[in-house]
Structure formats: C-alpha cells, structure tokens
Amino acid sequence: MARLDLHLHTTHSDGSLPPAEVLALAHKAGVTALAITDHDITTGIPEALEAGAGLGIEIIPGVEISSRFGESELHILGYFLDWQDPTLNARLAGLRDSRHRRNPQIVERLRALGCDLTYNEVRELAGTESVGRPHIARVLMEKDYVKSAKEAFDRFLAQGKTAYVPRELPEPADAMAWIRSAKGVPVLAHPLWAKQDGEGLFKLCEKLKAEGLGGMEVHYSTHNPKQTAELLDIARRLDLLVTGGSDFHGLTKPDIEVGVGRGGLTVPVKLLEPLKRAASV
Ligand SMILES: [Zn+2]
Ligand SMILES: [Zn+2]
C-alpha cells in the first residue's frame with residue numbers, strides 16, 4: 001500500500017543504517033515519498049536524493065531540532081528546507097557543538113559509575129558530526145554493560161538517571177524561526193512526548209502556532225488509534241498541517257520499521273500536497 005514516511009534517521013545522526021539502505025527498506029514497504037530528518041544535520045540528504053532518483057521515491061529535505069521545554073524537550077521537524085542554506089547549516093553546527101560539549105561529561109559520569117569507555121570510542125562508532133546519547137548507548141551495548149539501548153537509557157542516559165547531563169537547547173520559537181528562514185515548514189514531532197493532557201496539549205500547540213508552527217506529527221509509530229484521533233482533532237481545531245512518520249532509527253529502536261512503525265502505521269499519501277503547498281508560500 002502506498003504510504004509516506006516523513007520521519008527517518010540515518011547514520012548521519014543516530015540511526016544505524018545509511019540513507020541508501022533506509023530507502024531500500026522504504027521501497028519494500030511501499031513508501032512513495034519520504035523525509036530524512038536527522039538530528040541537527042542535513043548531510044544525509046544528497047545520498048537520499050541519489051537513491052530516491054533510482055528507486056522512484058520522492059525525497060523531502062528535512063531535519064529534526066531538539067528544543068527546550070522546561071526540564072524536558074520538544075522536537076521540531078523541518079520539511080522542504082533549503083538544506084544547503086549556509087545560515088541554517090551554521091545554526092545546526094552550533095547545536096552539534098553543544099552535543100560535543102555535553103557528551104564527554106556523560107562519558108565522565110559513566111566512567112565514575114564503573115563503565116570503561118572513552119568519548120573517542122563514541123565518536124568513532126558514530127562516524128558523524130551529529131553525535132548523541134544513542135551512540136553512547138551502542139558503545140555500552142558493545143561492551144556488554146547493557147543488553148539494549150533501552151536499558152542504557154533506563155539505567156544511565158535518560159533524564160534524571162545517573163549519567164544524565166542536560167544540554168543547552170534553543171527555544172522552540174528559535175528552532176521554528178531557523179526552519180522558516182530556510183524556507184521550511186516547522187512541525188511538532190511526537191507531540192505526546194510533551195506529556196500534556198488533551199487541553200494542555202491544545203494550549204501548547206496554540207502557543208507554538210503563534211510562534212510559527214505549521215503542522216503536527218499526528219501519525220506516529222507508538223500512537224494508538226484513540227491518540228491519533230485526539231491529535232487529529234487538535235490539528236483541525238488549530239488549522240495545523242497533519243504529518244506522520246515512523247521515527248525509524250534501526251538498531252537503537254529495533255521494534256520500529258520504515259514505513260509501518262510497529263506494523264500499524266500508515267501515513268496517507270494525500271498529506272504530502274498540503275505540506276508542499278505550505279512550503280512554497
Ligand atoms: Zn524526536
Ligand atoms: Zn526523530
């Protein structure tokens with residue numbers, strides 16, 4: 001069945017497969033258009049464009065930017081960006097620098113907790129400039145300190161756990177303005193991560209819309225039908241575009257597959273045109 005997948009990670013950030021392999025999986029799953037949305041980086045897009053041309057899959061240039069939300073984070077996806085925009089790329093490089101300041105501190109905490117690893121090992125495994133906690137989790141897995149990335153987060157890396165170090169993050173309004181200034185459409189990723197009840201989420205999205213938000217990721221791997229319906233309702237009330245994606249990472253989230261998430265995800269093809277129109281305004 002033809003479908004979209006507008007949320008995918010590759011080896012250019014914390015995914016475990018290169019863009020061409022992600023596209024091969026997308027092709028098998030019936031995905032006709034997709035967005036590569038690596039964290040704070042756009043370097044995976046050329047390879048995706050090339051592979052997409054070969055497979056007949058439309059590539060939407062994208063990115064995912066983490067922003068501050070109290071003690072937690074809101075992730076903002078950007079679609080149809082001018083991904084070669086020098087200002088955008090300088091801003092993304094600044095975000096990656098803040099990761100490089102934070103990651104060695106996390107590694108130091110892990111070492112103090114008895115885990116023998118170095119930040120050089122993490123960078124080597126990552127093989128990209130967009131290094132994040134999932135890469136640290138994979139080194140912990142390789143060294144048998146944990147059995148899965150989930151265990152690494154649950155024991156050490158998640159907010160409030162023993163090796164957690166907060167990161168300097170932009171405000172959501174800034175992340176959205178950066179995307180807008182690169183001609184992209186800002187979309188709130190996995191809105192349920194904000195841990196708000198229905199009315200709280202409505203108010204949050206209302207505020208974000210006033211600050212530049214264009215859409216909401218309604219269809220997502222972990223959403224059940226009731227949650228999808230509630231988000232769809234908020235998107236309609238606020239006149240936000242509806243998007244969706246799997247948030248595929250490969251190894252780090254082994255239960256999520258390209259295009260279909262945990263099996264029940266279908267992002268309708270008809271959502272692409274309105275998004276495209278919004279980007280060309
Ligand atoms: Zn995210
Ligand atoms: Zn993501």
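The values are calculated or read from the model by the stated rules, or taken from the named source; none is laboratory data. In this text, all values refer to a predicted model and were calculated from it rather than measured experimentally. Methodologically, a virtual Cβ is constructed for each residue, glycine included, from the backbone with ideal geometry; neighbour enumeration extends over all protein chains shown. Note: areas computed on protein heavy atoms with side chains; ligands, DNA, RNA excluded. Shrake-Rupley method; radii C 1.70, N 1.55, O 1.52, S 1.80 Å.
Among the residues of the stretch 20-73, which ones are assigned to a loop (DSSP other than H, G, I, E, B) and over 21 Å from His135 (Cα atoms)?
Ala29, Gly30, Gly56, Ile57, Gly70, Glu71
Looking only at residues of the stretch 190-207 that are farther than 17 Å from Val267 by Cα and touching a residue at least 40 places away in the same chain (Cβ under 8 Å), we find that the one that is farthest from ligand 2 (Cβ to nearest atom) is Lys195.
Among residues belonging to the stretch 65-80 that are open to solvent by 10 Å² or more (accessible area, probe 1.4 Å) and in contact (Cβ under 8 Å) with a residue 12 or more places away in the chain, point out the one that is farthest from ligand 1 (Cβ to nearest atom). Among those that are open to solvent by 10 Å² or more (accessible area, probe 1.4 Å) and in contact (Cβ under 8 Å) with a residue 12 or more places away in the chain, it is Phe80.
Among Arg91, Arg109, Arg99, which is within 16 Å of ligand 1 (Cβ to nearest atom) and basic (Lys, Arg)?
Working: Arg91 fails: within 16 Å of ligand 1 (Cβ to nearest atom); Arg109 fails: within 16 Å of ligand 1 (Cβ to nearest atom).
Just one listed residue meets the conditions, Arg99.
Condition (residue is aromatic (Phe, Trp, Tyr), open to solvent by 10 Å² or more (accessible area, probe 1.4 Å), out of contact with any His (no Cβ under 9 Å at 6 or more places or on another chain) and part of a helix (DSSP H, G or I)) applied to the stretch 199-210: is it met by at least one residue? If you could, list the steps in order and put the result at the bottom.
In the first step, residues of the stretch 199-210 are kept if they are aromatic (Phe, Trp, Tyr); the result is 202.
With the extra rule that they be open to solvent by 10 Å² or more (accessible area, probe 1.4 Å), the set shrinks to 202.
From what's left, out of contact with any His (no Cβ under 9 Å at 6 or more places or on another chain): 202.
If we keep only those that are part of a helix (DSSP H, G or I) as well, we get 202.
Yes, that holds for at least one residue.
Ile256: in contact (Cβ under 8 Å) with a residue 24 or more places away in the chain, among the hydrophobic types (A, V, I, L, M, F, W, C) and either open to solvent by 60 Å² or more (accessible area, probe 1.4 Å) or over 21 Å from Ser13 (Cα atoms) (or both), yes or no? Answer is no for this residue.
Filtering the stretch 138-154 for residues that are open to solvent by 10 Å² or more (accessible area, probe 1.4 Å), more than 15 Å from Thr252 (Cα to Cα) and at pLDDT below 95 leaves an empty set.
Matching residues to (1) modelled with pLDDT under 95; (2) within 16 Å of ligand 2 (Cβ to nearest atom); (3) over 18 Å from the mean Cα position of the chain (by Cα); (4) among the β-branched types (Val, Ile, Thr):
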position: Ile60; (1), (2), (3), (4): no, yes, no, yes
position: Glu64; (1), (2), (3), (4): no, yes, no, no
position: Ser67; (1), (2), (3), (4): no, yes, no, no
position: Glu108; (1), (2), (3), (4): no, no, yes, no
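Restricting to the stretch 259-274, and then to whatever is in a loop (DSSP other than H, G, I, E, B) and open to solvent by 60 Å² or more (accessible area, probe 1.4 Å), can you tell me which residue is farthest from ligand 2 (Cβ to nearest atom)? In this case the residue turns out to be Gly264.
In the set (1) part of a loop (DSSP other than H, G, I, E, B); (2) without any contact (Cβ under 8 Å) to a residue 60 or more places away in the chain; (3) under 16 Å from Gly245 (Cβ atoms), Leu17 fails one condition alone, (2).
Here Val242 passes the criteria (1) within 16 Å of ligand 1 (Cβ to nearest atom); (2) at pLDDT 95 or above; (3) touching a helix residue (DSSP H, G or I) at 6+ places or on another chain (Cβ under 6 Å) except the one numbered (1). Before we move on, is Leu81 within 16 Å of ligand 2 (Cβ to nearest atom), within 14 Å of the chain's Cα centre (by Cα) and of a type outside the set (S, T, N, Q)? When the stated conditions are applied, Leu81 does not pass them.
Matching residues to (1) charged (D, E, K, R); (2) at pLDDT below 95; (3) open to solvent by 60 Å² or more (accessible area, probe 1.4 Å); (4) within 16 Å of ligand 1 (Cβ to nearest atom):
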| site | (1), (2), (3), (4) |
| --- | --- |
| Leu169 | no, yes, no, yes |
| Ala175 | no, no, no, yes |
| Ser181 | no, no, yes, no |
| Val185 | no, no, no, no |
| Pro191 | no, no, no, yes |
| Gly212 | no, no, no, no |
| Gly215 | no, no, no, yes |
| Thr222 | no, no, yes, yes |
